[in-house]
1. Condition (residue is open to solvent by 80 Å² or more (accessible area, probe 1.4 Å), among the aliphatic types (A, V, I, L, M) and either assigned to a helix (DSSP H, G or I) or at positive phi (or both)) applied to region 50-59: is it met by at least one residue?
2. Taking the stated definitions as given, is Lys159 surrounded by fewer than 18 Cβ atoms within 10 Å (Cβ to Cβ), modelled with pLDDT of 90 or more and of a type in the set (Lys, Arg)?
3. Residues that are open to solvent by less than 80 Å² (accessible area, probe 1.4 Å), farther than 27 Å from Gly150 by Cα and hydroxyl-bearing (Ser, Thr, Tyr): does region 33-47 have at least one?
4. I'd like the full set of residues that are free of Cβ contacts under 8 Å to residues at least 60 places away in the same chain, in a helix (DSSP H, G or I) and open to solvent by 50 Å² or more (accessible area, probe 1.4 Å), limited to region 177-196.
5. Quick one: would you say Ser101 is of a type outside the set (Val, Ile, Thr) and open to solvent by 60 Å² or more (accessible area, probe 1.4 Å)?
6. Might you let me know whether region 146-155 holds any residue that is of a type in the set (A, V, I, L, M, F, W, C) and over 19 Å from the mean Cα position of the chain (by Cα)?
7. Restricted to region 197-212, and to residues that are within 18 Å of the chain's Cα centre (by Cα), open to solvent by 20 Å² or more (accessible area, probe 1.4 Å) and not small (Gly, Ala, Ser), which residue is farthest from Met32 (Cα to Cα)?
8. Test Ser132 against the stated conditions and say whether it is out of contact with any Pro (no Cβ under 6 Å at 6 or more places or on another chain), in contact (Cβ under 8 Å) with a residue 24 or more places away in the chain, hydroxyl-bearing (Ser, Thr, Tyr) and surrounded by fewer than 16 Cβ atoms within 10 Å (Cβ to Cβ).
Amino acid sequence: MNYDTGECTIFGMMVYNTPCRVFSMITFSLGMAMLILFLAGRLRASFAVGIAYYSVTFFAAWTWALSAKVLASLGIFLSLIGLYSSPRDTETSRSLREATSLVIYALVFLIFLLSAVSYIFYFSWVCWDAYSGAVAFLCSLISYILIGAGLVSPLLWRKRLRIPALVALLPAVLFLDFAVKLLQFSRLLWALVAVLFAMELWGRCENVMRRT
């Protein structure tokens, strides 16, 4: 979904650009829905969506990608077992909104982590290539400080400080996106962050309205 010219196999046919992106977003949404329903305790619904997700993945995999087809087949098999052996619902403390927030946040943090690891281990020379002397040192120092602050984000999320957790990530994400151009899946990440902010603000407004 991050490429300018996408290329997808859909039921043996090759599609490009917008149709590929639409197909990718549908598949991505199925995968997200599977995780959200599972965390919310809707196990049978989760496994049913999982069957659809892995079935589409199986037929969409390139013919030479045998490992992808094997993994998709395993996913279909395990989802079928889960569907027929799980109760309809389970006791859970998470609502659908909370489960959605958790899944989206986990994906946002994963994208940040992949980008940060890429910078630290492979592209930390970018600041020294763009600048020189004290400015290059300052650029490098700021990058590590921002990434370090971003790594604190999960701790804030666990303490239910969700908006501060997102705020802790944003400076590092901005640096990785605009300063060094190393942010992975940038469009997807910014869309997810916007959705997550909206959900958390809406949740706070609901809590305030209930109290009043």
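1. From region 50-59, those open to solvent by 80 Å² or more (accessible area, probe 1.4 Å) are 59; that's our starting set.
Narrowing further to those that are among the aliphatic types (A, V, I, L, M): none.
There is no residue in region 50-59 that is open to solvent by 80 Å² or more (accessible area, probe 1.4 Å), among the aliphatic types (A, V, I, L, M) and either assigned to a helix (DSSP H, G or I) or at positive phi (or both).
2. Numbers: surrounded by fewer than 18 Cβ atoms within 10 Å (Cβ to Cβ): yes; modelled with pLDDT of 90 or more: yes; of a type in the set (Lys, Arg): yes.
When the stated conditions are applied, Lys159 passes them.
3. Among the residues of region 33-47, at least one is open to solvent by less than 80 Å² (accessible area, probe 1.4 Å), farther than 27 Å from Gly150 by Cα and hydroxyl-bearing (Ser, Thr, Tyr), which makes the answer yes.
4. Result: Phe178, Ala179, Trp190, Ala191, Ala194.
5. No, not satisfied.
6. So the first thing to find is which residues in region 146-155 are of a type in the set (A, V, I, L, M, F, W, C), and the list is 146-147, 149, 151-152, 155.
Among the residues that remain, those that are also over 19 Å from the mean Cα position of the chain (by Cα) are: 146, 149.
Yes.
7. Phe197
8. Numbers: out of contact with any Pro (no Cβ under 6 Å at 6 or more places or on another chain): yes; in contact (Cβ under 8 Å) with a residue 24 or more places away in the chain: no; hydroxyl-bearing (Ser, Thr, Tyr): yes; surrounded by fewer than 16 Cβ atoms within 10 Å (Cβ to Cβ): yes.
Criteria not met by Ser132.
The values are calculated or read from the model by the stated rules, or taken from the named source; none is laboratory data. For clarity, every value in this text was computed on a predicted model and none was experimentally measured. Please note: Cβ atoms are built from the backbone with ideal geometry, for glycine as well, and neighbour counts cover all protein chains shown. For the accessible areas, the whole protein counts, side chains as well, though only heavy atoms, and no ligand, DNA or RNA atoms are used. Shrake-Rupley method; radii C 1.70, N 1.55, O 1.52, S 1.80 Å.
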